[in-house]
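The values are calculated or read from the model by the stated rules, or taken from the named source; none is laboratory data. Please read all numbers here as calculations on a predicted model, not as lab measurements. Note: ideal-geometry Cβ built from the backbone for every residue, glycine included; neighbour counts use all protein chains shown. When the accessible area is computed, the model is the full protein with side chains, heavy atoms only, and any ligands, DNA or RNA have been set aside. Shrake-Rupley method; radii C 1.70, N 1.55, O 1.52, S 1.80 Å.
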Amino acid sequence: MKFISSLLVCPLLGYALGLFLPWWSPALAGLAVGVAIPQKTGWSFLSTFLGTLVVFGMLIWMVSQGNDHILAKRISLLVTKQENPMALIGISAGIPALLAGISALTGRLFVLMIRK
Amino acid sequence: MRFLWFFLVLSINACLLVALGTRKFLPLDLGSFLSLQEGVWQNAEHSNASFDDNLTFSDLNGETSVYFDERLVPHIFAEQEKDAYFVQGYLHAKFRLWQMEFQTHAAAGRLSEIVGSKAISFDRNQRRMGMVFSAENALAEMEKDSTTKTVLDAYTAGVNAYIETLQPSKFPIEYKLLGYRPEKWNNLKCALFIKQMTNTLAGYDRDFELTNAYRLLGEQDFRLLFPEIPDSLNPIIPKGTAYPKPLEAITAPSDVDSSYYQRGDVIPVEEEFKPDPSNGSNNWVVAGSKTQSGKPILANDPHLGLTLPSIWYEIQINTPAFNAYGVSFPGLPGVVIGFNDSIAFGFTNSGRDVKDYYEIEFKDEARKEYFFNGEWVPSNIRVEKIGIKDSLDYLDTVAYTVFGPAMFDNRYQNHLTNNKAYALRWVAHDSSNLMKMWILLNRARNYDDYRTAIGYFNAPGQNMIFASKSGDIALWQQGTFPLRWKDQGLFVMPGRDSSYMWKGFIPAEENPHSLNPEQGFLSSANQRPADTTYPYFIPGLYEVYRPYPINRRLSELNAISIRDMQDLQNNNENVFASTAWPLLDTYLDRTMIDSDEKKYLDIIQDWNFQNEANAKGVVCFNTWWDSLYAGIFYDELYSKATPIIKPEKFVLLDALKRDPSYKFIDDIRTAELEDLTSQVTIAFKKAAKTLSSLEKEGRLTWHVYKNTTIYHLLKTNAMAFAKSGIKIGGGHGIVNATQHDHGPSWKMIIELDSTTKAVGVYPGGQSGNPGSKYYDNFIDTWGRGEYYPLLVMQSSDIKPGSYKWKMIFTSKQ
C-alpha cells in the first residue's frame with residue numbers, strides 16, 4: 001500500500017509543484033514522499049523513481065505525439081546525436097525520476113538517521 | 001553508519017542537481033532544458049494547434065482582426081493604420097522573436113553577450129565598422145519624420161506587448177539552448193536591422209585586396225586581371241542608350257600619380273568578416289503588350305544566405321490607407337517586397353561600390369589626434385563596451401575621423417605600424433529616412449508615388465523595379481552613389497587632406513533608369529547597370545552571365561503568363577559553361593586522354609548546359625574549369641608572399657577567347673613553356689582524377705555535390721534545426737541561383753490584372769519554432785520549383801471558412 005501510495009503521490013506532487021516551482025520540483029516531491037511515507041529505503045527509491053518515470057514519461061510522450069514528434073526528432077539529434085524521439089522522451093522522464101528517487105532516498109535516510 | 005549513508009546519498013543528490021542545473025559539467029543544463037514544464041517540451045506545438053485568440057492592449061486605438069490562412073500567413077485588417085503596425089510587431093515577435101533579436105544583436109556587435117568570448121572578433125568588427133553609429137544616425141533622421149516615428153513606435157510597442165506576456169517556459173527554443181532571455185525591443189533595433197541588410201548588400205568591398213594587387217602587379221597586369229567592364233557585358237539599361245551630358249563633373253587630384261597609383265609595400269590589413277559576394281537577386285517586369293492578360297507581370301527573387309528561420313515573413317496588411325501583400329523582415333514594419341491594389345515592387349542589389357578606405361596618420365598611440373589638412377586635428381573617441389557572457393566586459397576604443405571610423409588601427413590589427421590606420425567612408429553611415437520608402441511604397445498608387453517613395457532610400461543601392469495596374473513598368477537604380485573620378489575608391493586613398501574625399505553624389509535623376517521601354521520589358525540581375533557610355537565611374541562587383549537567359553527569354557516570349565515567369569525563375573541554363581565549352585573543346589588534346597578520363601569528357605559532351613539537379617556534366621565542367629583557372633593564375637598570383645585576390649571568373653574566359661596566347665597561360669613554375677592546349681589538357685587530366693574520387697564518393701551528381709542546405713542561424717552549431725540534401729538544381733551565375741546555402745530566398749510573381757494574381761514561395765515556414773510544423777513546411781515546394789497562390793484577401797471575402805484562424809486585437813479602454 002505504501003509502495004503504491006508513494007508511486008502515485010510522488011509524480012502528482014512533483015507535477016503540481018512544477019506549476020509554480022522550477023525544474024527540480026520532482027526532487028522536492030521525492031524528498032517529501034521519502035520523509036512522509038515510511039518504507040524500506042530501496043522501496044522508497046524504487047516507488048518514487050518508477051512513478052515519476054511512468055507518469056512524466058506518459059505526459060511527455062503525449063506532448064510529443066501531439067507534435068508528431070517534430071520537436072523530439074530535432075532535439076534528440078541535438079542532445080543524443082541521433083534522431084530518436086523515444087530516447088529523448090526516456091531521458092526527459094528519467095531525469096525527474098532519478099531526482100525524485102534519490103531525493104526520496106535522501107528523505108528516508110534522513111528520517112532513519114534522526115530516529116536513531 | 002546511517003550518517004554515512006545519508007551524507008553519501010545527500011552528496012549524490014546535490015551533485016545531480018548541480019550537474020543538471022548548470023552548464024559546468026554538461027554542455028546543457030539538461031534538468032531545465034528537458035523539463036516537461038519549463039523546457040523544450042513547452043515548444044512542442046500541437047499539430048492541430050489553434051491560433052485563435054482575443055487580445056486587448058491599451059496601445060491600440062481600434063479593432064484589428066488577423067485572419068490566418070492554412071499556411072499560417074496573417075492577413076491583418078486594421079481599422080487604424082497605426083494599429084496594423086502594432087499588430088505586425090506583435091506577430092513578428094510571436095513567430096520570430098529569437099531571430100529578430102539575434103540578428104539585431106549581431107548587427108550591433110553584441111553576440112559575445114550570448115555566446116561568449118568566441119564572438120569578440122566579430123563584435124569588434126561590427127563596432128569598428130560603425131554599425132551602431134550608422135543605425136543611430138539613421139534612427140535620428142527617421143524619428144525626425146513624424147510618420148516614420150509613428151510607424152516605428154507602433155511596431156516597437158507591438159513587439160514589446162508580446163515580450164511582456166511571454167512566460168520563460170514559452171521562450172523560443174534558442175533562448176533555452178543558449179541560456180539567456182529576451183530583452184525589450186526598441187526603434188534602434190529596427191535601424192540596426194536595416195544596417196545589417198545594408199552591410200549584407202553594400203558591405204562587400206575589395207579596396208585592400210585591389211590596392212595590394214596593384215602594388216604587386218603594376219598597372220598593366222592589374223588592368224588585365226581586374227578589368228572594369230567585361231567583354232560580355234549585358235547591362236540593365238540596354239547598350240546604346242544615350243545618356244545626357246553629366247550634371248556634375250569631377251577631376252582627380254593633381255598628385256594622383258605619385259600619391260595614389262603607387263607601387264610599394266602592401267597594406268597588412270586582414271579582413272576577417274566580409275559579406276557573401278553572391279548576395280544579389282533577379283527581378284524583371286513585362287509590359288501588358290507582351291503578356292497573355294494584357295496586364296504587366298512583375299517577378300522578383302532575392303538571393304541571400306538561406307537560413308532557418310527564414311529572413312522573410314509573409315504578410316498582408318490591410319488598412320484604410322492601403323492593402324499591401326508580400327514579405328516582411330521580422331524586425332521591420334511594413335511589406336518589404338510585394339504589391340498592393342495598384343502597384344507591385346521588387347529589388348535587386350546594385351553591387352555598386354559605396355565603401356572606401358582612407359589612410360590616416362595618428363599623432364601617437366592614443367589616437368586622439370590625426371593629421372589632416374596640414375595640422376593635427378582631434379578625433380572623436382567612441383568607447384565600445386562589449387559585454388561577454390560569463391566574463392568581464394571588453395572595451396574597444398574607436399577613433400572617428402572626418403571620413404568615418406578608423407576601423408583598422410594597431411589596436412585591432414597589430415601589423416599596422418607608425419600610427420597608421422585606415423578610416424572607413426561608407427554611404428551607410430550617412431543619415432537617411434530609409435524606412436519612409438517602404439511606408440510610401442506600401443501605399444503607392446502610380447509611378448509618381450513610386451518615384452517619391454524611392455527617393456528616401458540611400459543604401460544599399462538597389463535596382464527598384466515597378467509595375468502598375470495602369471500599365472506602367474519602370475526600373476530605377478536607386479541609392480546614394482559617390483561621384484568619383486576614374487579609379488577613385490578602387491584603391492585605398494590618402495587621408496592626409498580633403499583632396500581625395502568624396503566631392504558629392506551622382507544626381508539622383510542621372511541614376512540609370514527606364515520607364516515603359518519599347519522592348520516591353522525590363523530586368524536586372526546584379527549586372528553593371530550601364531555600358532561605358534554612362535558618364536560616371538561606377539566600380540562595383542557585378543554579375544556577368546545571369547542576365548543573359550533572362551533578357552533572351554523576355555525578348556523571345558510573347559503572350560507571357562505567370563507560368564512562363566515561373567519557368568524563367570527556375571531556369572538552369574549555364575551560360576558560362578556554354579560560352580566556355582567551344583574553347584575547351586578546341587584546345588583539348590584528345591590524344592592525351594585515356595579511356596578512364598574520356599568518360600568524364602563524354603559526360604560533358606552529352607550535357608545540355610543545364611544545371612539540373614541530376615546533371616553530372618556541371619560537376620565535370622566546373623572541376624575542369626577550376627583546374628584550368630588554377631593552372632593559369634595560381635602560379636603568378638599565389639607565388640607572392642601576399643596572395644593576390646582572385647580575378648573574377650569572366651576575366652579568364654574573356655581573355656582566352658580574345659587571346660589564346662594570353663600572358664598568364666604559361667606556368668612560370670616549370671621550365672617548359674605551356675600553351676593553351678597543354679594547359680587545357682593538363683587541367684582536364686587533373687580534373688579527371690578529382691572526378692574519379694567524387695564518383696567513388698557518389699558525388700558526381702550536381703544536387704549531391706552541391707548539397708543545398710538551409711542552415712539554422714546558429715549554423716553548424718544547430719544542424720538539428722537545419723535542412724540539408726535538398727534536391728534542386730541551379731547554381732552561381734544561373735537564373736535559379738541556388739547554391740549550397742545561398743539562393744532565391746523569396747520567389748514572387750505578380751500579374752497586375754483587375755484582380756491581382758500572385759504566386760510566391762520561400763524556403764522556410766512562417767513559424768520560427770523548430771518544434772512547429774510551420775517551421776520548414778515550404779521547403780519541399782520551393783525545392784520542386786513550385787509556388788503557392790498568394791491569397792490576397794479583401795474585406796468582402798471574409799466569412800467563416802475563408803480563413804483558418806482568427807486573432808482579434810482590441811483597444812483596452
Just how large is the dipole of chain B about the Cα centre, in debye to the nearest 20, putting +1 at every Lys and Arg Cβ and -1 at every Asp and Glu Cβ? 1520
Those residues of region B:27-76 for which accessible area with every protein chain present is at least 40 Å² below the isolated value (1.4 Å probe): B:Leu34, B:Leu36, B:Gln37, B:Glu38, B:Trp41, B:Ala44, B:Ser47
Carbon and sulfur: what percent of chain B's accessible surface (1.4 Å probe)? 50
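If you put +1 on each Lys and Arg Cβ and -1 on each Asp and Glu Cβ, how big is the dipole of chain A around its Cα centre, in Debye rounded to 20? Provide the component values of the computation, followed by the final result.
Numbers: 8 positive and 2 negative charges, 89 e Å.
Dipole of chain A, to the nearest 20 debye: 420 debye.
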Can you tell which of A:Leu17, A:Leu78, A:Leu46 shows the greatest fluctuation in a Gaussian network model of chain A with Cα springs below 10 Å? A:Leu78
Considering only A:Ile91, A:Met62, A:Val79, whose Cα is most displaced toward the positive end of the charge dipole of region A:2-115, charges sitting on Cβ of Lys, Arg (+1) and Asp, Glu (-1)? A:Ile91
Taking only DSSP H segments of four or more residues, each worth -39500 (n - 2.57), what value at 222 nm results for chain B once the sum is divided by all its residues, to the nearest 500 deg cm²/dmol? -10000 deg cm²/dmol
For chain B, what does the relative contact order come out to in percent, with C-alpha contacts under 8 Å and a separation of six or more? 19
Rounded to two decimals, what ratio of Rg to Rh does chain B give with C-alpha atoms and a Kirkwood Rh? 0.98
Extension gain B:Asn373-B:Gln292, at 0.36 nm per residue separation less the Cα-Cα distance, in nm? 22.8 nm
Scoring only Lys, Arg, Asp and Glu (+1, +1, -1, -1) among other residues with Cβ under 10 Å from the Cβ of B:Glu271 yields -3
Give the lysines reachable from B:Lys599 as a straight Cα distance under 24 Å; neighbours fewer than 8 places away on the same chain don't count. B:Lys616, B:Lys685, B:Lys686, B:Lys689, B:Lys696, B:Lys706
Can you check what the net charge comes to around B:Ile386, using other residues whose Cβ is under 15 Å from the Cβ of B:Ile386 (Lys, Arg +1; Asp, Glu -1)? +3
Which lysines have a Cα lying under 20 Å from the Cα of B:Lys806, excluding residues fewer than 8 positions away in the same chain? B:Lys82, B:Lys94, B:Lys773
Averaged per residue, what accessible area in Å² does chain B show with a 1.4 Å probe, protein chains only? 37
Residue by residue through region B:760-774, which ³J(HN,Hα) values in whole Hz follow from phi under the Karplus form 6.51 cos²θ - 1.76 cosθ + 1.60 (θ = phi - 60°), with glycine and proline marked x? x, 6, 9, x, x, x, 5, 9, x, 8, x, x, 10, 6, 8
Helix A:85-115 versus the longest principal axis of chain A: what is the Cα-based angle in degrees, 0 to 90, to the nearest 10? 10
Using a cut-off of 15 Å between beta-carbons, work out the net charge of the residues near B:Met100 (Lys and Arg +1, Asp and Glu -1, B:Met100 not included). +4
Helix hunt in chain B: which complete DSSP H runs extend at least 18 Å axially by C-alpha with mean Kyte-Doolittle at least 0.5? B:2-21, B:575-587
Of B:Arg110, B:Arg553, ordered by accessible area with the largest first and a 1.4 Å probe, the sequence is B:Arg553, B:Arg110
When each of B:Lys290/B:Lys757; B:Lys757/B:Lys804; B:Lys195/B:Lys723 is checked by Cα-Cα distance, pairs over 24 Å: B:Lys195/B:Lys723
Treating only the Cβ atoms of Lys and Arg (+1) and Asp and Glu (-1) as charged, compute the dipole magnitude of the protein assembly as shown about its Cα centre; round to the nearest 20 debye. 3440
Across region A:2-115, how large is the tail of the calculated P(r) beyond 19 Å, expressed as a percent of all Cα pairs? 45
Roughly how many whole Å is it from the C-alpha centroid of region B:223-299 to that of region A:46-76? 58
SASA check, B:Asp448, accessible area w/ 1.4 Å probe, all protein chains in place, rounded to nearest 10 Å², comes out at 100
For the table B:Lys176/B:Lys274; B:Lys149/B:Lys812; B:Lys189/B:Lys389; B:Lys189/B:Lys355; B:Lys469/B:Lys727, the rows whose alpha-carbon distance is greater than 28 Å are B:Lys176/B:Lys274; B:Lys469/B:Lys727
Leaving out ligands, DNA and RNA but keeping every protein chain, what accessible area does B:Arg552 have, in Å² rounded to the nearest 10, with a 1.4 Å probe? 100
Under the rule of at least 5 residues apart or a separate chain, name every residue whose amide H is placed under 5 Å from the amide H of B:Gly540. B:Asp353
Any idea of the total accessible area buried by the A-B contact, 1.4 Å probe, rounded to 100 Å²? 3400
